[in-house]
Amino acid sequence: MSGENRKGNNVTENKVKRSVAVLTLIVASALILSACSSNNPASASAEKPKEPIRGLEAPLFPKGGASAQGKITIYQKDDRWQLSVTVFGLPPGKSLRVAFFDHGNCSSPNAFSAGALWLPPDTPEGTRPDKWIPLFHTTANGSLDAVTRLPNPGRHTEEAFRSRSVLVFAGDTVQELKPGVPNGVVACGVFDTIQTFF
């Protein structure tokens with residue numbers, strides 16, 4: 001092979017090597033930039049974090065000699081308020097009624113301190129506060145874990161429910177609260193803020 005041919009081949013080989021080196025550098029740079037951007041808090045913030053579900057929760061305390069405990073949670077989903085009821089320590093296979101009351105006070109043994117039956121603003125006229133929330137039933141082990149949608153749309157904020165009491169009644173009726181009698185109440189709680197519950 002002549003000297004000119006060898007020289008031409010060397011030039012071609014050098015060009016190829018330089019091209020490969022440049023391409024390798026470009027690929028490596030792209031990989032480094034990609035790794036950096038994935039660990040960059042600024043790029044991560046571009047993905048909007050999920051907002052915590054807001055609502056109100058009322059831990060339940062036993063009343064009227066019952067041993068019921070649990071919690072009742074209220075939160076808004078779409079245009080409706082959802083009521084989540086978790087109760088245990090009750091007789092199996094029994095009907096339960098849940099109702100809201102005006103005063104956030106469960107201090108009396110029979111829940112008389114909770115005041116009068118209460119309905120949220122904008123509840124349709126003629127709605128019976130004692131029948132507004134559907135009837136529940138305990139399971140064979142005396143517990144209840146259920147979620148129901150409240151009947152009317154949620155045109156008000158959670159502030160309407162804050163510091164209201166929620167009572168659990170044994171049976172299928174809600175009684176007017178009177179002093180000195182059991183009133184059929186097995187548990188009482190007062191709504192307050194929660195941040196995230198599932």
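Some observations on this one:
- Computed FRET value (nearest 0.05) for THR123 with SER67, which takes r as the C-beta separation and R₀ as 45 Å: 0.85
- Segment GLU176-ALA146, extension gain: residue separation times 0.36 nm, minus the distance between their alpha carbons: 8.3 nm
- Over all Cα atoms in region 55-102, the spread is summed up by Rg and Dmax: 12.3, 39 Å.
- Annotation for region 113-168: GluC sites (Glu not before Pro) lying in DSSP loop with at most 10 further Cβ atoms inside 10 Å of their Cβ are GLU125.
- Region 99-198: trypsin sites (Lys or Arg not before Pro) falling in loop per DSSP and having at most 16 other Cβ within 10 Å: LYS131, ARG155, ARG162
Quick note: the coordinates plus some simple rules give every number you see, no bench work behind them. Because the structure is predicted, anything quoted here is derived from the model rather than measured. Please note: Cβ atoms are built from the backbone with ideal geometry, for glycine as well, and neighbour counts cover all protein chains shown.
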